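Notes follow the structure.
A short reminder: the numbers here are calculations on the coordinates, not readings from a lab. What you see is a predicted model, and the numbers here were worked out from it, not measured in a lab. Every residue, glycine as well, gets a Cβ built from its backbone with ideal geometry; the counts of neighbours run over all protein chains shown.
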Amino acid sequence: MANPSVRFEMGDYYWVAERESVGFTGTTNLGVVEFLITSEALTQLLDPDRDTVDSETALEVFIEFESDIHRIAQREFVKRLGGEPPILLTAADVEG
């Protein structure tokens with residue numbers, strides 16, 4: 001089985017206030033890649049009928065859905081052929 005193009009460590013996340021997102025990193029053969037998942041995307045994962053989440057709830061949602069978020073990030077990284085970091089994951093990405 002081939003190695004994934006980007007690998008993630010569980011528990012490696014942080015709040016990015018100026019982007020209202022949770023940041024996390026992945027590792028490729030070429031080095032570290034930064035990702036951001038918006039609070040809107042995290043809200044979508046938690047409850048699509050909810051309007052927003054605060055930073056504390058966003059971090060809790062990230063922890064709860066971390067494995068799913070890593071799979072989404074892997075998919076988007078491949079789909080976007082890497083792209084310019086940070087790679088931004090939005091509500092549209094978690095819906096697909």
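Give me the percent relative contact order of the chain, please, defined on Cα pairs under 8 angstrom at least 6 residues apart.
30
Based on the alpha carbons, how large is the Rg to Rh ratio for segment 21-95 when Rh follows Kirkwood?
On the Cα set of segment 21-95, Rg over Rh gives 0.97.
Can you tell me what share of the DSSP beta bridges in segment 21-95 is antiparallel? A percent to the nearest 5 is fine.
About 75 percent, rounded to the nearest 5.
If you add up the charges near Pro86, with Lys and Arg at +1 and Asp and Glu at -1, over every other residue whose beta carbon is less than 11 angstrom from its beta carbon, what do you get?
So the environment of Pro86 carries a net charge of -1.
When Lys and Arg each count +1 and Asp and Glu each count -1, what net charge do the other residues less than 12 Å away from Glu34, Cβ to Cβ, add up to? Don't skip to the answer; put the middle values down first.
Details: positive: Arg19; negative: Asp12, Glu84.
The answer is -1.
Just want the ordering: Ile69, Ile87, Ile63, from fewest to most Cβ atoms lying within 10 Å of their own Cβ.
Ile63, Ile87, Ile69
Can you tell me the order of 31-41, 12-22, 47-57 when each peptide is scored by its average per-residue count of other Cβ atoms within 10 angstrom, highest first?
The peptides rank, most packed first, as 31-41, 12-22, 47-57.
Taking K and R as +1 and D and E as -1, what net charge do the other residues with C-beta under 12 Å from the C-beta of Thr25 add up to?
Working: positive: Arg7; negative: Glu9, Asp12, Glu34.
So the surrounding residues net to -2.
Relative to the longest principal axis of the C-alpha atoms of the chain, give the angle of the C-alpha long axis of helix 55-64, reported between 0 and 90° and rounded to the nearest 10°.
With both axes taken from Cα atoms, the answer is about 50 degrees.
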